[in-house]
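Below you'll find the structure, written out as C-alpha cells, and then a few comments.
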Amino acid sequence: VEDGPIEFTEQQVLKFYNEREKAQVKVIKLDEKTGSALAGAVFNLYTQDDIYNADGDRLFRAGDLLATSAPTGEDGTVVFDCALPMQDARYGEAEHQNSGRYVLRELRSPSGYYLNDTPMEFTFTYTGAKIQVLESVCKNKGTCVLVSKRQLTGDDELPGATLTIQDEHGTVVRQWVSGDKPTEIRGLKFDTVYTLVETAAPEGFQPASPRAVT
C-alpha cells in the first residue's frame, strides 16, 4: 500500500458513516372539556439534567431553556425540532453522560383559556428510528358562559331563537339556535366585553334587546 498511488490507497480504505438519530417533540393542545384543537399556545422546552457533548464538555445546565415554540396552529399542534441529545447507552455508569430527559412548560395559553402550568416530562432513548417523535397532549380549561333563552315570564327555556355573540367591532364570534337547555359558550377572551344579540326570535315573539357579556 505504501508503494502504491494514492488512488489505490483510497480504494483499500473502508469507511463507515453513522447518521445520528434525531428527536422531535410534538405538542397537541386541546380544550379540556370538548377535545377541540386550540391555536395560539406557546411552550418552553427545558433540560432536566446537564447536557454534554461527545468530549464530555457541558453545553447546558439542568433547567436551562433550550427553545421556545411557535404558537400552536389551527390543528392545535406545534413541533420542536432541536436535534436533542438522547440518553447515553450506558447512562449512569460514568460522569458527563446525557440522561435524555427534558420537560415542557406552557408559556402562553390560547386566548380565552387558563394557563396549564403542569410540567410535561419525557425521555429520549435510542430506538433505531431515523426520526423519533414523542407526542405530548396538553389540555386547558376555558372560560365558560351559560346563555339561557327564556320567556319574559317563567323559567322554561325558549327554543328557536337565533343568538350571536359579537365582539366590540360587531364581528360574530359565536352563533347558535336556542334549544331546551342553556347553551355553554367556551373560550371567550379575558378582559373583553362582548354583546349578546338575538338576530331572529322564535315565532310569535319579539327579539330581545342586546346585552353585554364579560
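Descriptive notes on the structure:
- Value of [θ]222 nm, deg cm²/dmol, for the chain, DSSP H segments ≥ 4, -39500 (n - 2.57) each, nearest 500: -500 deg cm²/dmol
- For residue 181, the lysines whose Cα comes closer than 20 Å to its Cα, not counting residues fewer than 8 places off in the same chain, are 33, 149.
- Rounded, prolate or oblate (a/c below 1.5 giving rounded, otherwise prolate when a/b exceeds b/c) for region 46-172 by Cα gyration tensor: prolate
- Radius 11 Å from Cβ of residue 36, net charge of other residues (Lys, Arg +1; Asp, Glu -1): 0
- Gained length - residue 205 relative to residue 173, 0.36 nm times residue gap less alpha-carbon distance: 9.1 nm
- Applying both filters, DSSP loop and at most 15 other Cβ atoms within 10 Å, to the GluC sites (Glu not before Pro) of region 115-194 gives 168.
- Using the Cβ-Cβ distance between residue 144 and residue 70 with R0 set to 30 Å, the FRET efficiency works out to roughly 0.60.
- Listed values (1) 1.66; (2) 1.17; (3) 1.46, entry calculated as Cα Rg over 2.2 N^0.38 Å: (1)
Here, each number is a calculation from the coordinates, and none is a lab measurement. Nothing here was measured: the structure is a model prediction, and the numbers come from that model. In this analysis, Cβ positions are derived from the backbone assuming ideal geometry, glycine residues included, and neighbour counts consider all displayed protein chains.
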